Amino acid sequence: MRAPITICLSSVRLSAVTLLALNVFTVPGARAQTSVAQTPPMGWNSWNHFACNVTAADVRHAAEQIASNGMKAGGYVYVNVDDCWQAGRDAQGRIVPNENFGDMKALADFVHSKGLKFGIYSSPGPKTCAGFTGSYQHEEQDAQTYAEWGVDYLKYDWCSASEVHPVSQIKEVYRKMDDALQRTGRPIVFSLCEYGWDLVWRWGASVGGNLWRTTGDIEDKYSSMARIGFGQAGLEAFAGPGHWNDPDMLEIGNGGMSHDEYLTHMTLWCLLAAPLLAGNDLTRVTPRDLAILLNKEAIAVDQDPKGVQGHRVSAEGPLEVWAKPLAEGSVAVGLFSRAREFPVKVSFKDLGFTGPVQVRDLWAHRDLGQFEGEFTAQVPAHGAVMLKVWK
């Protein structure tokens with residue numbers, strides 16, 4: 001891990017964009033094992049659309065769609081079963097899938113046969129959020145079972161853990177499962193789902209987390225998405241390769257937001273270097289919604305190898321400007337209106353640029369030309385304009 005750098009702010013003032021561009025920020029206490037999630041994980045999760053109605057057939061259909069509709073080529077590789085798959089434990093204490101899933105290893109093998117990775121869900125408590133069997137007192141056994149099944153990703157949701165553990169022990173509880181996962185010898189992404197409790201971004205990496213939820217659950221409506229997404233301001237210092245802030249899964253395609261609101265959703269999540277986990281029914285997704293998920297230029301911002309989480313550059317009432325420095329020296333920029341349609345302006349000096357710069361619209365896939373000083377775009381109500389700026 002890189003040694004920390006101390007900057008005396010009394011003698012020099014550096015903007016957040018400068019610090020991020022220099023890659024000064026480091027993830028505190030990160031574990032040594034960072035072979036997974038070097039960029040934010042991408043894939044699909046069953047919860048947002050299917051919740052407890054999910055079956056193995058739904059997961060297979062999702063895998064088939066991802067492998068054939070362009071998502072796999074775009075980087076969406078994890079196919080994750082969320083809550084409600086467990087039936088209980090057998091006489092040896094081994095976790096058993098319910099009748100909606102049957103042979104979990106066969107399901108994992110099917111996902112793998114499509115060139116994809118398989119994820120699963122549990123809780124450190126006796127029960128999951130939906131009341132199914134959790135991993136309490138079976139952490140080692142469950143980790144070994146998951147590895148034998150071929151699991152590549154574990155979402156570990158606090159839920160009923162509060163019934164058996166005080167929140168003051170949350171770090172030790174998550175570290176216990178991470179230790180068990182490490183002992184399997186299988187690379188498994190470890191997703192901490194604890195709703196941002198106890199300032200998880202400060203310690204998530206130290207207990208093995210590759211990503212950690214920073215808020216409660218997202219809903220398929222603009223107010224929820226905007227509250228969560230724009231609420232990530234200030235957390236950028238805690239993200240980096242192998243360890244990501246997680247503002248929850250994508251709702252794009254579930255029908256609760258307008259096209260412009262879904263563009264805001266994707267734009268903001270990509271600038272945040274957030275995990276991109278689609279949560280819709282991929283057998284029924286519209287071409288328009290799929291095009292949002294498949295925008296290669298937006299995905300490239302999210303997956304940029306520099307691993308910097310974007311930050312808020314400015315805010316004027318409902319108008320916000322966010323920026324994310326990229327590895328090749330350019331800066332991705334989001335212009336947002338959280339109210340009705342307004343012109344939104346970004347000053348290039350706030351991005352670290354002087355003199356003329358080039359500007360590209362990443363949703364229109366069009367170079368806009370050379371500009372100097374500032375750039376203004378008309379942003380739709382609840383909408384976003386996503387740019388790339390470079391010298």
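Read-outs: derived from the displayed coordinates by stated rules, not from any lab. Predicted, not measured: the structure shown is a model, and the values here were computed from it. Glycine gets a Cβ as well: all are built from the backbone with ideal geometry, and neighbour counts include every protein chain shown.
Applying 1/(1 + (r/R0)^6) with r as the Cβ-Cβ distance of Lys296 and Ala91 and R0 = 56 angstrom yields a FRET efficiency of 0.65. When the alpha-carbon atoms of region 122-251 are used, the pair Rg, Dmax equals 14.5, 42 angstrom.
Think of it as helices only: each DSSP H run of n ≥ 4 in the chain is worth -39500 (n - 2.57), and spread over all residues that comes to -7500 deg cm²/dmol at 222 nm.
Between the residues Phe348, Gly93, Val167, the greatest Cα displacement towards the positive end of the dipole of the chain, with unit charges on the Cβ of Lys, Arg, Asp and Glu, is found for Phe348. Sorted largest first, the principal axis extents computed over the alpha-carbon atoms of region 47-160 equal 41, 26, 23 Å.
Round to the nearest 0.05 the FRET efficiency obtained for Ala106 and Gln169 when R0 = 45 Å and r is the Cβ-Cβ distance.
Details: r = 37 Å, r/R0 = 0.81.
So the FRET efficiency works out to roughly 0.80.
Neighbour counting of Cβ atoms within 10 Å sorts the residues Trp244, Trp47, Trp203, fewest neighbours leading, into Trp203, Trp47, Trp244.
For region 311-390, what log10 I(q)/I(0) values come out of the Debye formula at q = 0.13, 0.16, 0.20 1/Å, with one point per alpha carbon and no solvent? Values, matching the q order: -0.34, -0.53, -0.83.
Structural size metrics of the chain, computed from C-alpha coordinates, are Rg and Dmax of 21.0, 71 Å.
Can you compute the charge dipole magnitude of the chain about its Cα centre, using +1 on each Lys and Arg Cβ and -1 on each Asp and Glu Cβ, nothing else charged? Give it in debye, rounded to the nearest 20.
Approximately 900 debye in magnitude.
In a fully extended conformation the segment linking Glu140 and Arg227 would gain 27.6 nm over its present Cα-Cα distance, using 0.36 nm per residue.
Can you compute the FRET efficiency between Arg340 and Thr184 using 1/(1 + (r/R0)^6), with r the Cβ-Cβ distance and R0 = 51 Å? Round to the nearest 0.05. Display every interim value, and only then the final one.
Values: r = 52 Å, r/R0 = 1.03.
For R0 = 51 Å, the calculated efficiency reads 0.45.
Listed by Cβ neighbour count within 10 Å, with the fewest neighbours leading, Asp90, Asp142 appear as Asp90, Asp142. Under 20 Å of direct C-alpha separation, and excluding same-chain neighbours fewer than eight residues apart, Lys306 reaches these aspartates and glutamates: Glu236, Asp246, Glu297, Glu328, Asp350.
Comparing Arg60, Arg284, Arg338 in a Gaussian network model of the chain (Cα springs below 10 Å), the most mobile by mean-square fluctuation is Arg284. The distance linking region 345-391 with region 152-198 is 41 Å (Cα centroid to Cα centroid, whole angstrom). Within the listed set Ser160, Ser224, Ser122, the residue fluctuating most in the Gaussian network model of the chain (springs between alpha-carbon atoms under 10 angstrom) is Ser224. Between Asp217 and Thr376, residue separation times 0.36 nm minus the direct Cα-Cα distance comes to 53.9 nm. Cross-link check: pairs Lys171/Lys324; Lys105/Lys296; Lys127/Lys176 evaluated at a Cα-Cα cut-off of 26 Å; pairs beyond the cut-off: Lys171/Lys324; Lys105/Lys296.
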